[in-house]
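Worksheet for the structure shown next.
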Amino acid sequence: MKLTDPETAVSLNNQAERYQSQGKYEQAEPLYKRAIAINEQTLGPSHPDTAIVLNNLGTLYNSMGKYEQAEPLFKGAITIREQALGLTHPNTAESLNNLASLYGSMGKYEQAEPLYKRAIAIREQVLGPNHPDTANSLFGLAKLYMSIDKYEQAEPLYKRVIAIREQTLGPNHPDTAIVLNNLAVLYNSTKRDWQAEPLLKRVLAISEQTFGPNHPNTAMSLHNLASLYMSMGKDKQAEQLLKRAEAIFEKALGADHPRTQAVREDIELVGILKHAQRGYVFVQKTSKPGT
C-alpha cells in the first residue's frame with residue numbers, strides 16, 4: 001500500500017477519529033489534514049470521500065472551539081455532497097446539520113435555523129420520522145429555539161425527540177436522559193417547576209443506574225435537581241443533594257475543580273437562605289399586631 005493511495009487516507013481518517021473520540025485533538029488534526037491531501041490528489045477535490053474527511057475535520061475544529069476554521073470545511077462538504085450525491089442524500093443532511101450546529105455555537109441563530117429545517121426534512125423523507133438521525137436534527141433545532149427563548153417552539157420538539165429515543169434507544173438510555181434534562185430546564189425557565197421535578201428525578205435515576213451512584217455524571221444530575229429545589233424554596237432537599245454531589249465531585253475531580261466549587265457555593269447559598277428564613281420565622285412569631 002502506497003503512502004499516497006486512498007486506502008492510506010482511509011486508515012489516517014480512522015485513526016484520527018479514534019484520537020478525536022479520546023479527546024486527543026492535537027493528534028487527530030494532522031492525520032485528517034494528510035487524509036484530505038491524499039484524497040484531493042488521488043480522487044479529486046470534489047470526490048465524496050474527500051467530503052467525508054472535510055466533514056470530520058470540521059467536526060474536530062467545532063469541538064476545539066475553532067469555529068472560523070470549521071465553517072469553510074462544512075460548507076465545502078455540503079457543496080461536494082450536493083453535487084456528487086444529491087440535495088436529499090443522508091450525507092448531505094449530515095453536513096447541513098453539522099453547519100447548523102456550528103452556527104448555533106457561534107450564535108448565528110438565523111443562519112442555523114433553515115439548515116436544521118433542511119436537514120430534518122431530508123432525514124424525515126429518506127430515513128423516516130422516527131430515525132435516530134432525525135431525532136438528532138430535531139434536538140439541535142430545539143436547543144436553538146431554547147437559546148433564543150422560543151420555548152413554545154422548543155417544547156414539542158423536545159417531546160418528539162424523547163419519544164423517538166425512548167423507542168429506539170430505550171427509556172433509560174443516557175441520550176434519552178439528556179433530552180429529559182433539557183425539557184426540565186425549559187419547564188423551569190417557563191415557571192413550571194412541578195413539571196420539571198419528575199423529569200430531573202428520572203434523569204437522576206438513569207444516571208445512577210447507568211454510571212453508578214458515585215460517578216461525576218450522577219453528581220451533575222444531583223446538582224441539577226438541587227438547583228431546581230433551590231428555586232422552589234425546598235432548601236432542605238436541595239442541601240441533601242448538594243452534599244452528595246460535593247462528595248462525589250471532590251473524590252472524582254478534586255476539591256479545587258470548578259464543578260466541586262460550584263456545588264460548594266450553592267451549599268453556602270442554601271445555608272444563607274435557611275438562616276434568613278429562620279430569622280424571618282422568628283420575627284413573625286415574636287412580632288405583635290401593629291408593630
Within the chain, helix-based [θ] at 222 nm, where runs of 4 or more DSSP H residues each add -39,500 (n - 2.57), nearest 500
-28000 deg cm²/dmol
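Can you give the local net charge around G58? Use residues other than it whose beta-carbon is closer than 10 angstrom to its beta-carbon, Lys and Arg +1, Asp and Glu -1. Let's see the in-between values first.
On the way: positive: K66, K75; negative: E71.
Taking every Cβ under 10 Å from that of G58, the sum is +1.
Can you bin region 173-291 into rounded, prolate or oblate? Criterion: square roots of the alpha carbon gyration tensor eigenvalues sorted a ≥ b ≥ c, rounded for a/c under 1.5, prolate for a/b above b/c, oblate for the rest.
On the way: a/c = 3.10, a/b = 1.62, b/c = 1.91.
In terms of gyration-tensor shape, oblate.
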Straight-line reach from K33: which lysines fall under 30 Å, measuring Cα to Cα and dropping same-chain residues less than 8 apart?
K2, K24, K66, K75, K108
May I ask you to sort L99, L253, L12 by Cβ crowding, counting other Cβ atoms within 10 Å and putting the fewest first?
L253, L12, L99
Can you put V203, V270 in order, fewest other beta carbons within 10 Å first?
V270, V203
Taking just the alpha-carbon atoms of the chain, what radius of gyration and Dmax come out, in angstrom?
23.8, 94
Mind running the shape call on region 1-125? Use the C-alpha gyration tensor, a ≥ b ≥ c as the square roots of the eigenvalues: rounded below 1.5 for a/c, prolate if a/b tops b/c, oblate otherwise.
oblate
Under a cut-off of 27 Å between alpha-carbon atoms, report the lysines in cross-link reach of K243, not counting same-chain residues fewer than 8 places apart.
K191, K201, K234, K251, K274
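Counting Lys and Arg as +1 and Asp and Glu as -1, what is the net charge of the other residues whose Cβ lies under 13 Å from the Cβ of L115? Write down the numbers at each step before the final one.
Working: positive: K75, K108, K117, R118, R123; negative: E71, E82, E94, E110, E113.
The answer is 0.
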By how many degrees, 0 to 90 and rounded to 10, does the Cα axis of helix 90-106 deviate from the longest principal axis of the chain?
50 degrees
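No value in this document is a laboratory result; all are computed from the given coordinates. In this text the structure is predicted, and so the values were computed from the model without any measurement. Ideal geometry is used to build each Cβ from the backbone, glycine not excepted, and the neighbour counts take in all protein chains shown.
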